[in-house]
Each structure stands twice: as C-alpha cells, then as structure tokens.
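The values are calculated or read from the model by the stated rules, or taken from the named source; none is laboratory data. These figures come from a predicted structure and were not determined experimentally. Here the Cβ positions follow ideal geometry from the backbone for every residue, glycine too, while neighbour counts run over all protein chains shown. Ligands, DNA and RNA are stripped out before the accessible areas are found, and what is left, the full protein with its side chains, is counted by its heavy atoms. Shrake-Rupley method; radii C 1.70, N 1.55, O 1.52, S 1.80 Å.
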Amino acid sequence: MSPKSLIAEWVERFNAKDATGLAELYSDDAVNHQVANEEVRGRENIRRMFETEFSNFEMVCLVENIFEDGNVGMLEWVSPGGLRGCGFFWFEDSKIILQRGYWDKASFQKEH
C-alpha cells in the first residue's frame, strides 16, 4: 500500500477510536513522537497510548491534505474545534516505523 492510502486508513481507525486497529498499522518497534509529549516506543505501548487518549479526550482528525514522497507520508489535519496540526509517517514494509506529530498542546488543552 502507498503511504497516502496507509495514512487514510490510519485516519479512519483514529476517528473510529480503534486503538487496537491503529496499533496494527505500526511495526513492533515503532516510535510515535507527538512533539508536545514524550515519545512512545513499541506497538503495544502505542496501542495503550491511543486507548488512554480516546478514553480521556474527544478527538477527531479532519484531513486537509495527505502527501507522500517515497516511504514518507505527511498529513495536515484540523479538529472540529479548529486545532491544526501535521504528522509525518515513515513506512517500511507497509508498517509505520516512525510517526512524528506537531500541534500546540496549550490549544489542545483549551479545546478539551
């Protein structure tokens, strides 16, 4: 699958609040680093992170743009409340090996 289609699948599972389904998109030793937070290492820890976040916050990812270049995909998103961010996804064998996200934590906390 292309990075674009993998990110589209990621967004679908995110919006469904499917922590287990999201975790399946990551390699065993993947890293998810939302730069406003500490990085999370490993598929199971990433699953737990999403599970915790979905139980604590109402989060929706509305896609503005998805781009790809080689094995890298880029996502520009906005929340229903107007929070904007972007994510970069590195893929290997159709699995996320690194995800880095940029968004403003103060704006997120204000929205929630």
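Applying 1/(1 + (r/R0)^6) with R0 = 22 Å to the Cβ-Cβ distance of Arg84 and Glu53 gives a FRET efficiency near 0.75. Across region 56-61, rounded Karplus estimates of 3J(HN,Hα) from the backbone phi angles (6.51 cos²θ - 1.76 cosθ + 1.60, θ = phi - 60°) give 9, 9, 8, 10, 9, 10 Hz, Gly and Pro being marked x. With an a/c value of 1.5 or above and a/b not larger than b/c for the gyration tensor axes a ≥ b ≥ c computed over the alpha-carbon atoms, region 17-59 is described as oblate.
If you average the sequence gap of Cα pairs under 8 Å that are 6 or more apart and divide by the length of the chain, what percent do you get for the contact order? Relative contact order comes out at 28 percent. Using the 1.4 Å probe convention, the accessible area of the chain works out to 55 Å² per residue with neighbouring protein chains retained.
Full extension of the chain between Trp103 and Glu44 yields a length gain of 18.9 nm, computed as 0.36 nm times the residue separation minus the alpha carbon distance. Of (i) 15; (ii) 20; (iii) 30, which is the value of percent of Cα pairs over 24 Å apart derived from the coordinates here? Read-out from the structure maps to (i).
Taking the accessible area of the chain, probe 1.4 Å, and keeping the other protein chains in place, the carbon and sulfur fraction comes to 49%.
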